[in-house]
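J.: Sharing a structure here in C-alpha cells format.
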Amino acid sequence: MQQDPLFQEYENLKKQIHYHNYRYFVLDAPVISDAEYDRLVLRLKQIEFSHPEWVTPDSPSQRVGGMPLEKFNKVRHPSPILSLANGFTKADVLAWIERIRKLDPRVADADFVLEPKIDGLTVVLNYQNGVFTQGATRGDGEVGEDITANLRTIRSLPLVIPVNPDSPAVPDWLVVRGEAFIFLKDFEELNKRLAQSGEKPYLNPRNTAAGSLRQLDPSLTASRPINIYVYSIVASSAPLPQTQWDLLQTLKSWGFPVAREIKYCRSIEDVLNELDTWLEKRDALPYEADGVVIKVNNLELASSLGYVGKDPRGALAFKFPAREVTTRLLDIGVNVGRTGVLTPYAILEPVEIGGVVVKQATLHNFDFIREKDIRIGDHVMVKRAGDVIPYVIGPIVEMRTGEEKVFTPPEVCPACGQPVSHVEGEVAWYCVNVTCPAQIIRNLEHFVSRGAMDIVGLGIKIVEQLVESGLVHSPADLYFLRKEDLLKLEGFADKKAENILQSIRDSRSRPLSRLINALGIRGVGEVMAEELARHFEDLEHLSNATVEELMEIEGVGPNIAKSIVDWFRRPVNQEFLKKLREAGVWPTEQKPSEIREEQPLAGLTFVVTGTLKEFTRDGIKSYLESLGAKVTDSVSKNTSYLLVGENPGSKLEKARQLGVKLISEEELKQIIRKNK
Ligand code: IVH
C-alpha cells in the first residue's frame, strides 16, 4: 500500500489540506483560492470513497463524524488545570510583583508576556504522535468531560501537528490548553442568520461557544463559528521552551492558533504602560475579553514561585473594569421591524458603562423577558461588549420592592394598533398589517439601502417624511413622485428635490438581484437574492415558483421557500409589483451567453454629452450597459450614437465631423422600445 501511487497521493492531499486550513483559519493568509481548495477536498473524498479502509481520524474529512453521543465520558487531566488570581488596578499589579519579588529576587529583573484573557470555554487538547486524539473541558480542574467529537469540528484546531513539516519536532505526547470562543463579528452574523430564518438568536458569544461544545451532537457544533486560541502546555513527553514567549511561538509554528494580540514586555514598567494601551483598545478587540493575563516570561522562575491554592503565583489576571452594571429598567419599548417583527427593548435609567452612557439595551425577544422574569421597575444587569449593542443579562431579584410590574407583550402593534400574530414554534411576534406606517418606513429604508436599490440621498429622515406625509405607501410610489410633491415637504428646495428624483430614476437600472433583495422578503438577503436572480432570471418566474421548485436552490430550506411563496401570494405585494412594472422597474437577469444577443442595445457604442433630464452620468452609463451597450468617453468612427443633453460640449462637433448619429433622450427611449 505504501508503494501505491494513489495512497501516496491520498497522504499528500491530507497534508496539503491541513496546511491550507492552517493558512486560512489560523494565519488568515490563504495561498490558494477557495475553488482550488474545494478541488483538493473533492479529490480527497473521491479517494476515500473508493478506499474507505484508508480513512483515519486525522483525515480533514473527519471533522464531523458519527452519531450524536448519549453522554460525555469523564477524562482525568494529566495535571491540574489551574486558574488565576485577579488584579483590578495598577496598584494590585505592583503589589503582586512585590509579593513574588520577596520570594525570589530574580523577579526584580524579570520580563513578561501579556495575553488577552478571552471569555470563552477552557479546553484541554491531547496529541499523540502529532495526532489530535482527545479534547476535554476543564471540569473541576482534575476531571473534565470528553468533548473530542465536538472539538474536531473547529476548523482552526489542527488535527495533525506540525502542520508545516519545516517546523520544530513535536513531542510524542503533548497536552495543550486553550480557550474556545466566538469572534464578535461571527456571532452577529450567526444571529442575523438565525433571525432571518425565524429561529431564536443566541444571547452572547461566550455561552454560545460553551453551549455548542457541551452538547452531544457534533453536527450542531460544526454549524457554529467556533474558534480556538491556545496559550499553555499542560504536559509533554519532551523538554519545552524555557520562556512563555518562545512557548507561544513554538505552539504557533506547530500550527496552533495563538492570539495575535500577545505582547512581550521587557520589564514591569513596560507592562504597566502596555496595560493602558489594552484598556484603550479593549473595544476594538474582535472577541469578548475580560482582562489581560500578565505572565512571568521565564517558565522555570514562574513554576518555582509555586501556587496559592489553585492560582499559580507566576501569573496575574488584570481584569478590565466591569462592562456589566446594574441600573433600573424604566420601561419596555417595542420596535416594529420591516417584516413586521416586534422586538422588545429596554428603556433604562441612563448608566455609564466603560465611558459610554447607555439608555437602551436589547431584550432579545418576548420569550427572553418571560424566561428571565424581567419586570418593569426591576434592577437589571446590563452588559456592553466591544461595539455590540448593550444587552440585558437579567434581573436582580433580591432588589425587588414589590412595586415591579410584569410585562405582557402587546396584543396590538404599537405603531398601527392592529392585532399582532404569532406563529406556533417561532419566537417572533408579527404585525401583519401591510399598511402599518412603522413597517412601511422600515421597508422603504431597506428598499433604498445600499445593498438594495441604492437610492443615494434618501436617508431615514426623508423616508419618514415621505411616509408620514402620505406621499409614499409602498416603495413603488417613489417612482411616481413629482418635483412639486417633494417641494411641499419641509427642508426641500429645488436642487434637493431634483437630486432625489435623479437618484430614484438612476435606481431603475439596478440588476434583478438588487431588486429581489429590496423587496424585503423574510429570509432573503443579498446572497440569496443573487441565487434567485440567477435561477429565475425574471421576477415573473420567481413570483410563480412553488415551494418545491424553490427548495431545489442551494441554501433555500422549507421556511424560506414558504416565506417567498407567501410573499408573492399576498395581494398587496402583487399590487406593489404591478406598480414597479408600470414604473419600468423590471430588470431581468441574463445568462452570460445570452447577454449580447438578447439585450436591446447589444453591439452598440454610446458616447454622452451635456446634461440629461432623467439621468446622471453614472446613471446613464450603468443603464445603457445594463441594456448591453458599450459606453465610451470619446467620439470615434466606431461610435454608434452620441446621446446629446443640454449644453453639449465639444463632442457634438466631433460627432458631426465624423457623421456619428445624434440622438436625444426621447429618441434613445424609442430605440430601446423598438429593439426589445
Ligand atoms: S493562564 C496556569 N492564559 O481565564 C495557567 N488563562 O482562571 C492559568 N484564560 O478560565 C491560566 N485566556 O481558561 C491563561 N491567555 C490566557 C487565558 C486564560 C483566558 C482563562 C482560563 C481560565 C481563566 C483563568
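The values are calculated or read from the model by the stated rules, or taken from the named source; none is laboratory data. All values reported here derive from a predicted model rather than from experimental measurement. As a convention, Cβ positions derive from the backbone with ideal geometry for all residues, glycine included, and neighbour counts pool all protein chains shown.
J.: Looking only at the range 288-302, which residues are modelled with pLDDT under 95 and either assigned to a strand (DSSP E or B) or not acidic (Asp, Glu) (or both)?
T.: Of everything in the range 288-302, those that are modelled with pLDDT under 95 and either assigned to a strand (DSSP E or B) or not acidic (Asp, Glu) (or both) turn out to be Ala289, Asp290, Gly291.
J.: Of all residues being in contact with a strand residue (DSSP E or B) (Cβ under 8 Å, 6 or more places away or on another chain) and more than 29 Å from Asp618 (Cα to Cα) in the range 435-473, which is surrounded by the most Cβ atoms within 10 Å (Cβ to Cβ)? Just the residue, please.
T.: Gln439
J.: Please determine, by comparing only the residues of the range 230-250 that are within 12 Å of the ligand (Cβ to nearest atom) and outside any strand (DSSP E or B), which one is farthest from Phe132 (Cα to Cα).
T.: Among residues in the range 230-250 that are within 12 Å of the ligand (Cβ to nearest atom) and outside any strand (DSSP E or B), the one farthest from Phe132 (Cα to Cα) is Gln244.
J.: What is the residue count in the range 83-92 for residues that are touching a residue at least 24 places away in the same chain (Cβ under 8 Å) and away from the ligand (no atom under 16 Å from the Cβ)?
T.: So the answer is 1.
J.: In addition: Identify the residue in the range 304-340 that is basic (Lys, Arg) and either assigned to a strand (DSSP E or B) or away from the ligand (no atom under 12 Å from the Cβ) (or both) and, among all such residues, is nearest to Glu274 (Cα to Cα).
T.: Among residues in the range 304-340 that are basic (Lys, Arg) and either assigned to a strand (DSSP E or B) or away from the ligand (no atom under 12 Å from the Cβ) (or both), the one nearest to Glu274 (Cα to Cα) is Lys319.
J.: Go over the candidates Arg522, Arg510, Arg505 one by one and state the one that is closer than 17 Å to Phe447 by Cβ and modelled with pLDDT under 90.
T.: Only one candidate passes the filter, namely Arg522.
J.: Going residue by residue through the range 60-73, is there one that turns out to be assigned to a helix (DSSP H, G or I), touching a residue at least 24 places away in the same chain (Cβ under 8 Å) and more than 16 Å from the ligand (Cβ to nearest atom)?
T.: Yes, the conditions are met somewhere in the range 60-73.
J.: Take the residues in the range 215-253 that are β-branched (Val, Ile, Thr) and out of contact with any Pro (no Cβ under 8 Å at 6 or more places or on another chain); name whichever of them is surrounded by the most Cβ atoms within 10 Å (Cβ to Cβ).
T.: Ranking the candidates gives Ile226 first.
Residue-wise test of (1) in a loop (DSSP other than H, G, I, E, B); (2) in contact (Cβ under 8 Å) with a residue 12 or more places away in the chain; (3) touching a Lys or Arg at 6+ places or on another chain (Cβ under 8 Å); (4) at negative phi.
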{"residue": "Cys416", "(1), (2), (3), (4)": "yes, yes, no, yes"}
{"residue": "Gly425", "(1), (2), (3), (4)": "yes, no, no, no"}
{"residue": "Met453", "(1), (2), (3), (4)": "yes, yes, yes, yes"}
{"residue": "Leu458", "(1), (2), (3), (4)": "yes, yes, no, yes"}
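J.: Taking the range 513-562 on its own, how many of its residues are touching a residue at least 40 places away in the same chain (Cβ under 8 Å) and in a loop (DSSP other than H, G, I, E, B)?
T.: Residues that pass the stated criteria total 10.
J.: Right, another one. Condition check: of a type in the set (Val, Ile, Thr), within 13 Å of the ligand (Cβ to nearest atom), within 30 Å of Asp109 (Cβ to Cβ) and in contact with a Gly (Cβ under 9 Å, 6 or more places away or on another chain). Does Ile294 satisfy that?
T.: Criteria met by Ile294.
J.: Could we say that Glu189 is of a type outside the set (A, V, I, L, M, F, W, C), in a helix (DSSP H, G or I) and within 18 Å of the chain's Cα centre (by Cα) here?
T.: yes
J.: State the number of residues belonging to the range 94-138 that are among the polar types (S, T, N, Q), within 16 Å of the ligand (Cβ to nearest atom) and assigned to a loop (DSSP other than H, G, I, E, B). Break it down stepwise before answering.
T.: Start the filter on the range 94-138 by keeping residues that are among the polar types (S, T, N, Q), which leaves 122, 126, 128-129, 133-134, 137.
Next cut, within 16 Å of the ligand (Cβ to nearest atom) only: 122, 137.
Among the residues that remain, those that are also assigned to a loop (DSSP other than H, G, I, E, B) are: none.
Final tally of qualifying residues: 0.
J.: Right, next: Does Arg76 satisfy being surrounded by fewer than 19 Cβ atoms within 10 Å (Cβ to Cβ), in contact (Cβ under 8 Å) with a residue 60 or more places away in the chain, more than 30 Å from Ala284 (Cα to Cα) and touching a Lys or Arg at 6+ places or on another chain (Cβ under 8 Å)?
T.: In short, no.
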